[in-house]
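What follows is a short report on a single structure.
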Amino acid sequence: MILTCASARVDVKIPLFPSLNPKEGFSLIRALCKRRKLVIPKDAFKELENLIPVLLTPGAAEAISVQTFRVHKTTDMDALQSLKACLSDYRPPVPMDTLKFQMRIAAQEATDASLIPKELDNLLES
């Protein structure tokens, strides 16, 4: 996805990428759960690290947090158990090759190469 900002006569295209590692994905999910009054402890990352989806998009993280909220409210599981259950059954809404294709387009259209994280170099080549 590209965010275009027009100021005066200059267009700046800023690429928006999904989380690039489990820590980023966990932080995003945790923040979205917090908005729903679900407390996920910071130290739970170690327990959930292998369950955090690769290249988690904000929309997918939102869906996970909503599902976690629903599971928490309709069962006797605490917030962390609910999140763990949701992550265990998670399936990405977009195939990985499609997501990588979209990311390549965003990287190619970026106004400045410094806007593209170094971690993406190897990822976008495969």
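The values are calculated or read from the model by the stated rules, or taken from the named source; none is laboratory data. Values in this document were obtained by computation on a predicted structure and should not be read as measured data. Reconstructed Cβ throughout: ideal geometry from the backbone, glycine too, with neighbour counts over all protein chains shown.
Cβ-Cβ distances below 9 Å connect the following pairs, each with a first residue in the range 25-51 that is free of Cβ contacts under 8 Å to residues at least 40 places away in the same chain, a second residue that is crowded, with 16+ Cβ neighbours inside 10 Å and charged (D, E, K, R), and a separation of six or more residues or different chains: Pro41/Arg30; Lys42/Arg30; Ala44/Arg30; Ala44/Lys84; Phe45/Arg30; Glu47/Lys84; Leu48/Lys84; Leu51/Lys84.
Kindly indicate whether Arg30 is assigned to a loop (DSSP other than H, G, I, E, B) and either at pLDDT below 95 or within 28 Å of Asp121 (Cβ to Cβ) (or both). So Arg30 fails the test.
Listed here are the residues, each with its yes/no results for (1) farther than 23 Å from Leu120 by Cα; (2) in contact with a helix residue (DSSP H, G or I) (Cβ under 6 Å, 6 or more places away or on another chain); (3) surrounded by fewer than 13 Cβ atoms within 10 Å (Cβ to Cβ); (4) of a type outside the set (D, E, K, R).
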site: Pro22; (1), (2), (3), (4): no, yes, no, yes
site: Arg35; (1), (2), (3), (4): yes, no, yes, no
site: Ile40; (1), (2), (3), (4): yes, yes, no, yes
site: Glu49; (1), (2), (3), (4): no, yes, no, no
site: Ala63; (1), (2), (3), (4): yes, no, no, yes
site: Lys73; (1), (2), (3), (4): yes, no, yes, no
site: Lys84; (1), (2), (3), (4): yes, no, no, no
site: Val94; (1), (2), (3), (4): no, no, no, yes
site: Asp97; (1), (2), (3), (4): no, no, yes, no
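Scan the range 62-80 and tell me whether some residue there is touching a Pro at 6+ places or on another chain (Cβ under 6 Å) and part of a loop (DSSP other than H, G, I, E, B). Can you show your working first?
Keep residues of the range 62-80 that are touching a Pro at 6+ places or on another chain (Cβ under 6 Å), which gives none.
Looking through the range 62-80, none of the residues is touching a Pro at 6+ places or on another chain (Cβ under 6 Å) and part of a loop (DSSP other than H, G, I, E, B).
Return yes or no: is Leu38 part of a loop (DSSP other than H, G, I, E, B) and modelled with pLDDT of 95 or more? Yes, satisfied. Scanning the range 99-118 for residues that are loosely packed, with under 11 Cβ neighbours inside 10 Å and outside any helix (DSSP H, G or I) turns up Asp112, Lys118.
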